[in-house]
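To keep things clear, I will list the structure first and then write my remarks on it.
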Amino acid sequence: MLRSLSLRRSLHPHHRHLIILSSSSSTTIPRARPDPIRPFCTATAAAATTSSSSSEVRKYLGYAALVLFCGAGTYYSFPFPDNAKHKKAQLFRYAPLPEDLHTVSNWSGTHEVQTRFFHQPESLAQLEGVVQEADAKRARIRPVGSGLSPNGIGLSRVGMVNLALMDRVLEVDKERKTVRVEAGIRVQQLVDGIKEHGLTLQNFASIREQQIGGIVQVGAHGTGARLPPIDEQVISMKLVTPAKGTIEVSKEKDPELFYLARCGLGGLGVVAEVTLQCVDRQELVEHTTVSTMQEIKKNHKKLLSENKHVKYLHIPYTDTVVVVMCNPVSKWKGPPKLKPKYTVDEALQHVRQLYQESLQKYRPEVKSSNNDEPDINELSFTELRDKLLALDPLNKDHVIKVNQAEAEFRKKSEGYRVGWSDEILGFDCGGQQWVSETCYPAGTLSKPSMKDLEFIEELKRLIEKEDIPAPAPIEQRWTARSKSPMSPASSPAEDDIFSWVGIIMYLPTSDARQRKEITEEFFHYRRLTQKQLWDRYSAYEHWAKIEVPKENEELAALQARLRKRFPVDAYNKARRELDPNKILSNNKLEKLFPPSESP
């Protein structure tokens, strides 16, 4: 009914126009008057009348066809409201979005859905009610966290459940250094809530806005070759499942399901509560230095083993490697008292100069005094980088200049920084972006395989050979193994270490055409790395960054590849037992983990 009403509104002006044309046309057509002298029609006259009638029929059929075609044309050109733009698709199947439809997008704006049901329970009892009702109706309610996953793994058009209102610290055991929280609590909230007890989390990912339930379920990680991914900090969980209700799992209670569900991708139950193993709150010293790959190779084993946290930032088209090391403040020496060699303004000088020069080249009409332009002296480095890349994001030569400016900035930013771990271990990732991050084995802490550095060298050669406009940085981090079988860093060997490498392309513009071009170039970049590197290094993508191929052959290859690395059959079996109606699933999960063909 809504569709027909919309169609009528669209066509109404055209109907009026056609009616006027019909009227005026009919007045110009001579009408035969009855001849009083010839009361009877001859055969010729009858034939003429028949021919005239056929002509009239054809004429009005033509008008009807014109109305239909005008209606179709109006349908595809009519300025629908913003909430209808996503459905200018199939003829006669569009219905305007209802007022209660929610638009949900991930942080990077790379994935967006419109969903009718977006549940936000405030308590465990409400969550249980939402799950029970959805299961009875067989209506999907995909669990979604803060929406920070680059691939939108928690999004669903049918319905979602979000625990942002279930964000309390429930219990702190200072002696055992554990904390029990509702799964909707954000990382920063949790850290702030337990610091008065002298506790904090063992490790952090780059961003603090993730919900605990989400960060655990996708196998997120920080960095440090002795530190496992964040799912290893979980010592028990409370899951609300469609088939078995609310269950608690731990190493003691159903350990097989516990390890599987720690990195369960939201498919085995809605994570309602999590108990985490914490550590003593501590201050860290961050030491940033700039090196080269040749020097890194000489010191790699030492850097991994002697630093609690370490990561490398590789800058394409340069030999610059930024090394960031974080360690506890020495109880005897205290924090370093060295002052940085350059001020922030001095470190940014080259970047600001490049932006001014590029602005003159690409937008000469913009004057430095233009009030619409922000004061570049108030922009951070990542903001300046975004603005620089926005001028010509796919021009390799321009991107190289930006990368070189970043190398210069990093060189002048060498030095020390002291702060609490939750302050120091964060990383300014920049603006919206496409990202692909892979995890692969790198030997052991006592005997690194050096495959992690070989991977980077090959990746950089590939970038240069293919003229990819690859921005900086290529971020490289390390973790210990995880005992969760669905973790990309899962391993039975306790000493194994894994390297995580992320490639990116920023989306520094809101222009739809430009974002589409960047997206196409990024997937070309990603496809090349997949073809050249992934199988040879046993690299698998982070669950929050894996993208589902559109081509059936590529999808089948990905499914087969995942089966080689992960216990897909065991995972699907648990899904069938806990969520037989698949209400916690979405299209991404269904495509990644189709049921096995064999019984």
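The values are calculated or read from the model by the stated rules, or taken from the named source; none is laboratory data. A quick note: this is a predicted structure, and the numbers were derived from the prediction, not measured. Positions of Cβ are backbone-derived with ideal geometry, glycine not excepted, and every protein chain shown enters the neighbour counts. Accessible surface is based on the protein model in full, side chains and every heavy atom, while ligands, DNA and RNA are left aside. Shrake-Rupley method; radii C 1.70, N 1.55, O 1.52, S 1.80 Å.
Under 1.5 on a/c is rounded, so check that first for the range 328-477, then, if it is not, pick prolate when a/b is larger than b/c and oblate when it is not; a ≥ b ≥ c are the square roots of the alpha carbon gyration tensor eigenvalues. The shape class here is oblate.
Residue-wise HN-Hα couplings along the range 290-301, as the Karplus relation 6.51 cos²θ - 1.76 cosθ + 1.60 with θ = phi - 60° gives them from phi, are 10, 9, 10, 4, 4, 5, 4, 4, 5, 10, 4, 4 Hz; Gly and Pro carry x.
Across the accessible surface of the range 111-254, with the other protein chains kept in place and a 1.4 Å probe, carbon and sulfur atoms take up 44 percent. Take the alpha carbon gyration tensor of the range 306-393, find the square roots of its eigenvalues, order them as a ≥ b ≥ c, and report rounded if a/c is under 1.5; if not, report prolate when a/b exceeds b/c, else oblate. Prolate is the answer for the range 306-393, as a/c is 1.5 or above and a/b outweighs b/c. Taking amide H as placed 1.01 Å from N in the peptide plane, the amide H of V418 sits under 5 Å from that of E286, each at least 5 places away or on another chain. Applying 0.36 nm per residue to the separation of D467 and Y362 and subtracting their alpha-carbon distance, the gain on full extension is 35.7 nm. Taking a sphere under 9 Å around the Cβ of S490 and counting the other residues whose Cβ falls inside, with K and R at +1 and D and E at -1, yields a net charge of +3.
Could you please state how large a percent of the accessible area of the range 312-399 is carbon and sulfur, counting protein chains only and using a 1.4 Å probe?
50
Near the amide H of H119, within less than 5 Å, lie the amide hydrogens of M160, V161, N162, all on another chain or at least 5 residues away, with H placed in the peptide plane. Per residue, the range 525-594 exposes 49 Å² of accessible surface when a 1.4 Å probe is rolled over the protein heavy atoms with every protein chain present.
So which chymotrypsin sites (Phe, Trp or Tyr not before Pro) in the range 421-508 pass both tests, a DSSP loop state and at most 16 other Cβ atoms within 10 Å of the Cβ?
Numbers: sites: F427, W434, F455, W478, F498, W500, Y506; in loops: F427.
Passing both the DSSP loop test and the Cβ count: no residue.
Would you mind calculating the relative contact order of the range 420-492 from Cα pairs under 8 angstrom and at least 6 residues apart, reporting the percent as a whole number?
Reported relative contact order: 20 percent.
For the range 454-599, the gyration tensor built on C-alpha atoms gives an oblate shape. Its axis ratio a/c (a ≥ b ≥ c) is at least 1.5, and a/b is not larger than b/c.
For the range 401-530, the carbon plus sulfur part of the accessible surface works out to 47%, probe radius 1.4 Å. Accessible surface calculations at 1.4 Å, restricted to protein heavy atoms, place the range 142-268 at 35 Å² per residue.
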